[in-house]
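A.B. asks: Below is the structure I would like to discuss, written out as structure tokens.
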Amino acid sequence: MANKIRKAVFPAAGLGTRFLPATKSSPKEMLPLVDKPLIQYAVEEAVASGIESILIITGRDKSAIENHFDISFELEQLLKERGKDEMFAQVRAVSDIAKISYTRQKQALGLGHAIYQAKDFAGNEPFAALLADDIVDSEKPALKQMIEVFEKYNAPVIATMQVDGEAISRFGVIDADEVEPGVYKINDMVEKPAYADAPSDLAIIGRYIFTPDIFEAIEQTTPGSGGEIQITDAMRLLLKKRPFYAVKLEGTRHDAGDKLGFLIATVELALKREDLGDEFRNYLKSLDLNA
Ligand code: G1P
């Protein structure tokens, strides 16, 4: 099996029900954090981690994603005519970012089913999958942290982070043994357990490195949590046949598909911006938060 991760899959067919009404007719992946859509953050992370080829799994009403990564002829023409060279370069860079293809998941039957749409794209290579509403703000790109572990152990890798208290039941959760600092060998995993049943406080974050045998496992997976084909259940099946690892990500993870998580991510990323940070900080300081 090839050992280089060149391909990445972005499931983006979900209905975004946690962010209605904004997501009624616009894809949640296009919600902007400051001035960049969520999916662009994840695509940039993938490219910075060495990914060359991307498949975005879309659905109905998701054409804004394709347009975003395409050339916008009229806009480019206008920016050129007006001498807005910097903006032109910024807009062009988005369409030059990577080789991107698209396929549609015709029905939203779950994350496992979405990833299954990448079967032909992946072929017999290992590949990454990234959920765009998980934004990981880290020094080393999150996927890169995982690729290093994949290259060392030559086995599938998932991202994990510690989640305290009842919030753990909103995630897939692993039962695992630490084999080196921040790297775990997984014993078992469960999708969205009740707090009392969670095997640990290690949540699965939306970054995965799969080997092609995941597709056969998905074929054998029956609907689980929420009546959907869950990727966690498919991984659990595969776990009987091969080792799986998890890496505790360095950095901060934001759930930008959730209203509060989105607000927090917006504030934190805006404060870090060179062009906006100082003014925004002054504005926040001026607020009377007790009012
Ligand atoms: C998905 C996965 C879950 C994981 C989560 C991370 O759930 O099924 O295992 O913990 O992403 O964001 P979702 O949030 O799509 O329901």
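The values are calculated or read from the model by the stated rules, or taken from the named source; none is laboratory data. Keep in mind that this is a model prediction, so the values were computed, not measured. Here the Cβ positions follow ideal geometry from the backbone for every residue, glycine too, while neighbour counts run over all protein chains shown.
A.B. asks: Listed residues 263, 249, 237; which is free of Cβ contacts under 8 Å to residues at least 24 places away in the same chain and closer than 30 Å to residue 120 by Cβ?
C.D. replies: 237
A.B. asks: Would you be able to tell me the number of residues in the stretch 157-166 that are within 14 Å of the ligand (Cβ to nearest atom) and in contact (Cβ under 8 Å) with a residue 60 or more places away in the chain?
C.D. replies: Total meeting the criteria: 5.
A.B. asks: Next question, about the same structure. Please give the number of the condition residue 65 fails out of (1) within 16 Å of the ligand (Cβ to nearest atom); (2) more than 14 Å from the chain's Cα centre (by Cα); (3) surrounded by 21 or more Cβ atoms within 10 Å (Cβ to Cβ); (4) of a type in the set (A, V, I, L, M, F, W, C).
C.D. replies: Only one criterion is unmet by residue 65, namely (1).
A.B. asks: Something else about it: For a quick check of your reading of the model, give me the residue pairs whose first member lies in the stretch 60-72 and is over 15 Å from residue 11 (Cβ atoms) and in contact (Cβ under 8 Å) with a residue 24 or more places away in the chain, whose second is of a type in the set (A, V, I, L, M) and surrounded by 14 or more Cβ atoms within 10 Å (Cβ to Cβ), with beta-carbon atoms closer than 6 Å and at least 6 apart or on different chains.
C.D. replies: 64/30; 69/100
Residues checked against (1) more than 22 Å from residue 3 (Cβ to Cβ); (2) within 13 Å of the ligand (Cβ to nearest atom); (3) among the polar types (S, T, N, Q):
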site	(1), (2), (3)
168	yes, yes, no
187	yes, no, yes
193	yes, yes, no
196	yes, no, no
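A.B. asks: Taking residue 252, is it among the hydroxyl-bearing types (Ser, Thr, Tyr) and either more than 11 Å from the ligand (Cβ to nearest atom) or farther than 22 Å from residue 168 by Cβ (or both)?
C.D. replies: Yes; evaluated as a whole, the condition is true for this residue.
A.B. asks: What are the residue pairs meeting all of these: first residue in the stretch 118-138, first residue closer than 15 Å to residue 268 by Cβ and among the hydroxyl-bearing types (Ser, Thr, Tyr), second residue modelled with pLDDT of 95 or more and within 16 Å of the ligand (Cβ to nearest atom), Cβ atoms under 6 Å, and 6 or more apart or on different chains?
C.D. replies: Correct list of pairs: 138/251.
A.B. asks: Go through (1) within 14 Å of the ligand (Cβ to nearest atom); (2) touching an Asp or Glu at 6+ places or on another chain (Cβ under 7 Å); (3) of a type outside the set (A, V, I, L, M) one by one and return the number of the condition residue 262 breaks.
C.D. replies: Residue 262 satisfies every listed condition except (2).
A.B. asks: Can you confirm whether residue 230 is more than 17 Å from residue 183 (Cβ to Cβ) and within 14 Å of the ligand (Cβ to nearest atom)?
C.D. replies: Here the answer is yes, as residue 230 does meet what is asked.
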